[in-house]
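> Sharing a structure here in structure tokens format.
The values are calculated or read from the model by the stated rules, or taken from the named source; none is laboratory data. The model shown is predicted, which means the values in this text are computed figures rather than measured ones. Here the Cβ positions follow ideal geometry from the backbone for every residue, glycine too, while neighbour counts run over all protein chains shown.
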């Protein structure tokens, strides 16, 4: 069993002092400017990263496992990692009006086909991805978690959060991990970054 959390919003404040080196290589770096949305196709790869969140020892539900927080390209810890540079500049007109900070709502979602793999020993094995978003910087270092969606028995995950930008800092960096929690065949997913009102 893993934690079951849904998307939540939180103001992003980058603090390099609390950043830790990225433990996973970045698969792609994407620049987006509000209000332009971005869509991508996730890697088509089988994997099972069920221990990313910990869980419980099989047969002993009172014995929790320590989350391994491992994210790489091996089958038992497969992830896709995307680093977003999100730009929301303050215009000259806004500066003249005294605006020094802007806040943007950001929504990241992933969805996939709901075709289970039928295993002769265990029956149907549904596909399950999880979505995590972290504060970051241009090096892809992982800061605080700012949004997540780690539900089971769904065909989509959505995380929503807010980003602050300033006159001298028009962009913010977000590190996204798509965890291949239980992907029994080479399924991919479709990802979207949008700016809801």
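> Can you name every residue in the stretch 140-154 that is under 14 Å from residue 172 (Cβ atoms) and part of a loop (DSSP other than H, G, I, E, B)?
140, 141, 143, 144
> Shifting gears a bit: Please determine, by comparing only the residues of the stretch 47-64 that are in a loop (DSSP other than H, G, I, E, B) and loosely packed, with under 15 Cβ neighbours inside 10 Å, which one is modelled with the highest pLDDT.
59
> Out of everything in the stretch 74-98 that is touching a residue at least 40 places away in the same chain (Cβ under 8 Å) and in a loop (DSSP other than H, G, I, E, B), what residue ends up being nearest to residue 145 (Cα to Cα)?
88
> Of the residues in the stretch 155-171, how many are surrounded by fewer than 24 Cβ atoms within 10 Å (Cβ to Cβ), touching a residue at least 40 places away in the same chain (Cβ under 8 Å) and part of a strand (DSSP E or B)?
Counting residues in the stretch 155-171 that are surrounded by fewer than 24 Cβ atoms within 10 Å (Cβ to Cβ), touching a residue at least 40 places away in the same chain (Cβ under 8 Å) and part of a strand (DSSP E or B) gives 9.
> While we're here: Does the stretch 101-115 hold any residues that are assigned to a loop (DSSP other than H, G, I, E, B) and touching a helix residue (DSSP H, G or I) at 6+ places or on another chain (Cβ under 9 Å), and which are they?
Across the stretch 101-115, there are no qualifying residues.
> For residue 28, which of the numbered conditions (1) at pLDDT 60 or above; (2) farther than 23 Å from residue 154 by Cα; (3) more than 14 Å from the chain's Cα centre (by Cα) fails to hold?
With respect to (1) at pLDDT 60 or above; (2) farther than 23 Å from residue 154 by Cα; (3) more than 14 Å from the chain's Cα centre (by Cα), residue 28 is out only on (3).
> Among (1) at pLDDT 85 or above; (2) surrounded by 15 or more Cβ atoms within 10 Å (Cβ to Cβ), there is one condition residue 75 misses while meeting the rest; what is its number?
The number of the failed condition is (2).
> While we're looking at this one, here's another question. For the stretch 98-119, indicate whether the set of residues that are modelled with pLDDT under 95, exposed (fewer than 15 other Cβ atoms within 10 Å of the Cβ) and farther than 20 Å from residue 152 by Cβ is non-empty.
No: the stretch 98-119 contains no residue that is modelled with pLDDT under 95, exposed (fewer than 15 other Cβ atoms within 10 Å of the Cβ) and farther than 20 Å from residue 152 by Cβ.
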